[in-house]
1. Taking 0.36 nm per residue of sequence separation and subtracting the Cα-Cα distance, how much length would be gained by fully extending the chain between residue 234 and residue 136, in nm to one decimal?
2. Could you give the dipole magnitude of the stretch 11-117 about its Cα centre, charging the beta-carbon of Lys and Arg +1 and that of Asp and Glu -1, in debye to the nearest 20?
3. Search the structure for amide H atoms under 5 Å from the amide H of residue 40, placed 1.01 Å from N in the peptide plane, and list their residues when 5 or more places away or on another chain.
4. If you filter the stretch 128-192 for GluC sites (Glu not before Pro), then keep DSSP loop positions with at most 12 other Cβ within 10 Å, what is left?
5. Under 28 Å Cα-Cα from residue 89, which lysines qualify once same-chain neighbours fewer than 8 residues away are excluded?
6. Which of the chymotrypsin sites (Phe, Trp or Tyr not before Pro) across the stretch 1-84 are loop residues per DSSP, with 14 or fewer other Cβ within 10 Å?
7. Please list 3J(HN,Hα) in residue order for the stretch 163-175, calculated via the Karplus relation 6.51 cos²θ - 1.76 cosθ + 1.60 where θ = phi - 60°; whole Hz, with x for glycine and proline.
8. Please state the shape class of the stretch 146-229: rounded when a/c is under 1.5, otherwise prolate if a/b exceeds b/c and oblate if not, all from the C-alpha gyration tensor.
Amino acid sequence: MSKVETSPSNRLLGALSDEALNRLSINLEPVDMHLGQVLYEAGEELKYVYFPVTSIVSLLCILESGASAEIAMVGNEGIVGVSMFMSGKTSMNRAVVQNAGSGYRLKTKFLKKEFSLSGSMTQLLLRYTQALITLMAQTAVCNRHHSLEQQFCRWLLLSLDRLESNELLVTQELIANMLGVRRETVTEAAGKLQRLGAIHYQRGHITVLDRTKLETHSCECYQVVKNEFDRLLNQYR
């Protein structure tokens, strides 16, 4: 294909120059990304990078005990596999699909070649990486200093920003793994937000009813991250 055509599209791919996009397009593979699918494990060699379109991917830090916590999420604004073009051959994190949907994948050798040209792709990837670092840093601070309810609201809002609908199909276990808490704690937090009228929660299905209430009960971390992504990624256009 000579042009990536999908709706909604991956914003990073859509912001490339026509010349750069045409070079990549012939090697981009459309893929379905399934809930809970592991794209790669920590320490695994990166053979592909992924550009989510309607899916969201969580980057998880895994401890020796098997415990985990989300350090970042990637949706239609970005790319999964930044360590590849930052001189790394392997991933430091597990990448798991938290919201099923579609996307593209690209063999790392093709992205490395495009990155080496120092063109529009290079500048986009560096700006995106800066935004991702902000997300990781703010997530670490949030997990240390804010309540589970605030963290859950932040996570829901960040997920909504990467979706076209107000519905998330995600298991209780996956949420617990991402937030680094027990499933019972997730149930308690979700129940409280449901009683407030912010969400409707059923097993494996969350519908956001009142975004304003989520923003009210979230901490400042959501807005800090959103402002930085807006500042850096609005330069896509």
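Laboratory data are not the source of any read-out in this text; all were calculated from the coordinates shown. Only a predicted model underlies this, so the values are computations on that prediction, with no experimental measurement involved. Here the Cβ positions follow ideal geometry from the backbone for every residue, glycine too, while neighbour counts run over all protein chains shown.
1. The residue 234-residue 136 span can extend by a further 33.3 nm.
2. 300 debye
3. 95
4. Passing sites in the stretch 128-192 are 164.
5. Answer for residue 89, where 28 Å is the Cα cut-off: 47, 107, 109, 112, 113, listed by chain and number.
6. Passing both the DSSP loop test and the Cβ count: no residue.
7. Computed from phi, the couplings for the stretch 163-175 are 10, 8, 10, 9, 10, 10, 9, 8, 7, 4, 4, 5, 4 Hz.
8. Here the stretch 146-229 falls in the rounded category.
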